[in-house]
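A.B. asks: Here's a structure for you.
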Amino acid sequence: MEDPRQSLSIVELQPIEHPSEAITRVLAPNPSPMTLDGTNSYLIFSESKDRVLVVDPGPSVSSHLDALEGEIASVGAKVGGIVVTHSHIDHAESVLSLVRRWEVPAFAHPELAHMGYEPLTQGHRLLGGVRLEVLYTPGHSKDHLCFLDPEGNLLSGDHILGRGTTVVAHPDGDLTRYLESLEKVLKIDYSTIQPGHGPSMSRGLGQEVIEYYLDHRRKRLAQIAQVMRLKERPVTLSEIVKGIYGDLKDPILWAASATTMAALDYLIRTGEVESKGDWFTAVG
């Protein structure tokens, strides 16, 4: 199965966009091979526009934080709180400084309660005066959440991206749970996907992308097993990575290695691979 976005023209993200009447997207100036165009920070306004929830405020870059505050001021809303889809630095680096600056709470997965975040439960629907349903979607990270607004816009964080595929990196990433979370979102009644990186997607395209993600992971698992069988001996992680991806350099090499290790963990759990120290052997 090919990536359904492959035939689409590349959309250049603007610094500030309005995917819906209640949502403003502010693009952080941190583009890279890992963050694509940069991190999408979202402002989710209440129906009356008097409250706003800041989702994934992103990196501690003064121009980006000024842009967030400028958009909030232009509407005249009061910040009710900050929410993060997960704790990775490109999404959450600025949270602590903004909590102090705005004197508001920060909400996140219970895994992050020790960091001062107020824990969110599955199905929680009202945050800082703004309606937003909480969905547990572990996999990319163990603390990953998605959020669904009343209009059906799904804020997917790094669970589903507007371009490319999500990195599920060992040890924080868990491929078993990631696949389960993809299946979960596939059954949700959403209208659009507003990702943590890349452009928005309609439901139709989003469903196709999720199916592609599932197919891509299954094929990669089969490819890893095939590389191991062809060696006809125990192999190392680096041998597997080179057999699949060829010669890579960081940060892509790191991502490929960590993703392959997460896949090996999955295959070990399913009994298709055995490990001994740094060596891996295909079973059967």
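The values are calculated or read from the model by the stated rules, or taken from the named source; none is laboratory data. Predicted, not measured: the structure shown is a model, and the values here were computed from it. As a convention, Cβ positions derive from the backbone with ideal geometry for all residues, glycine included, and neighbour counts pool all protein chains shown.
A.B. asks: Among the residues of segment 245-256, is there at least one that is over 21 Å from the mean Cα position of the chain (by Cα) and not in a loop (DSSP other than H, G, I, E, B)? Full working, then the answer.
C.D. replies: Just the residues of segment 245-256 that are over 21 Å from the mean Cα position of the chain (by Cα), to begin with: 245-249.
Checking which are not in a loop (DSSP other than H, G, I, E, B) leaves us with 245.
Looking through segment 245-256, at least one residue is over 21 Å from the mean Cα position of the chain (by Cα) and not in a loop (DSSP other than H, G, I, E, B).
A.B. asks: Are any residues in segment 83-139 in contact with a Gly (Cβ under 7 Å, 6 or more places away or on another chain) and either in contact (Cβ under 8 Å) with a residue 40 or more places away in the chain or of a type in the set (Ser, Thr, Tyr) (or both), and if so, which ones?
C.D. replies: Residues satisfying the conditions are Thr85, His86, Asp90, His91, Ser94, Leu127, Gly128, Gly129, Val130, Gly139.
A.B. asks: Going through segment 214-259 one residue at a time, which ones are without any contact (Cβ under 8 Å) to a residue 60 or more places away in the chain and among the acidic types (Asp, Glu)?
C.D. replies: Glu232, Glu239, Asp247, Asp250
A.B. asks: Only one of these is β-branched (Val, Ile, Thr) and not assigned by TED's automatic domain parsing to the domain that holds Gly206: Val61, Val54, Val26, Val11. Name it.
C.D. replies: Numbers: Val61 fails: not assigned by TED's automatic domain parsing to the domain that holds Gly206; Val54 fails: not assigned by TED's automatic domain parsing to the domain that holds Gly206; Val26 fails: not assigned by TED's automatic domain parsing to the domain that holds Gly206.
Within the list Val61, Val54, Val26, Val11, the selection yields Val11.
A.B. asks: Taking the residues in segment 1-40 that are touching a helix residue (DSSP H, G or I) at 6+ places or on another chain (Cβ under 6 Å) and of a type in the set (Ser, Thr, Tyr) as candidates, determine which candidate is surrounded by the most Cβ atoms within 10 Å (Cβ to Cβ).
C.D. replies: By that ranking, first place goes to Thr39.
A.B. asks: Does Thr192 fit the bill of being closer than 30 Å to Pro15 by Cα, surrounded by fewer than 23 Cβ atoms within 10 Å (Cβ to Cβ) and within 14 Å of the chain's Cα centre (by Cα)? Lay out the reasoning, then the answer.
C.D. replies: Numbers: closer than 30 Å to Pro15 by Cα: yes; surrounded by fewer than 23 Cβ atoms within 10 Å (Cβ to Cβ): yes; within 14 Å of the chain's Cα centre (by Cα): no.
So Thr192 does not fit the description; no.
One line per residue, one yes/no per condition, for (1) within 20 Å of Thr121 (Cα to Cα); (2) of a type in the set (D, E, K, R); (3) part of a loop (DSSP other than H, G, I, E, B):
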residue	(1), (2), (3)
Leu135	yes, no, no
Cys146	yes, no, no
His159	yes, no, yes
Gly164	no, no, yes
Ala169	no, no, yes
Tyr178	yes, no, no
Lys184	yes, yes, no
Ile193	no, no, no
His197	no, no, yes
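A.B. asks: Yes or no: segment 265-279 includes at least one residue that is in contact (Cβ under 8 Å) with a residue 40 or more places away in the chain, part of a helix (DSSP H, G or I) and not charged (D, E, K, R).
C.D. replies: Of segment 265-279, the ones in contact (Cβ under 8 Å) with a residue 40 or more places away in the chain are 265-267, 269, 272-273, 276, 278-279.
Next, from what is left, pick out any that are part of a helix (DSSP H, G or I): 265-267, 269.
Applying the additional criterion that residues be not charged (D, E, K, R) yields 266-267.
The answer is yes, given that some residue of segment 265-279 is in contact (Cβ under 8 Å) with a residue 40 or more places away in the chain, part of a helix (DSSP H, G or I) and not charged (D, E, K, R).
A.B. asks: Mind checking whether some residue in segment 63-75 is touching a helix residue (DSSP H, G or I) at 6+ places or on another chain (Cβ under 8 Å), among the hydrophobic types (A, V, I, L, M, F, W, C) and modelled with pLDDT under 95?
C.D. replies: Scanning segment 63-75, I find no residue that is touching a helix residue (DSSP H, G or I) at 6+ places or on another chain (Cβ under 8 Å), among the hydrophobic types (A, V, I, L, M, F, W, C) and modelled with pLDDT under 95, so the answer is no.
A.B. asks: Then there is this: Just one of Glu47, Glu111 is charged (D, E, K, R) and modelled with pLDDT of 95 or more; which is it?
C.D. replies: Glu111
A.B. asks: Any idea which of Val235, Val185, Val209 is more than 30 Å from Ser20 (Cα to Cα) and hydrophobic (A, V, I, L, M, F, W, C)?
C.D. replies: Every option except Val235 fails the conditions.
A.B. asks: Could you look through segment 195-223, keep only residues that are of a type in the set (A, V, I, L, M) and closer than 22 Å to Asp149 by Cβ, and pick out the one that is surrounded by the most Cβ atoms within 10 Å (Cβ to Cβ)?
C.D. replies: If we take residues in segment 195-223 being of a type in the set (A, V, I, L, M) and closer than 22 Å to Asp149 by Cβ, then Met201 is surrounded by the most Cβ atoms within 10 Å (Cβ to Cβ).
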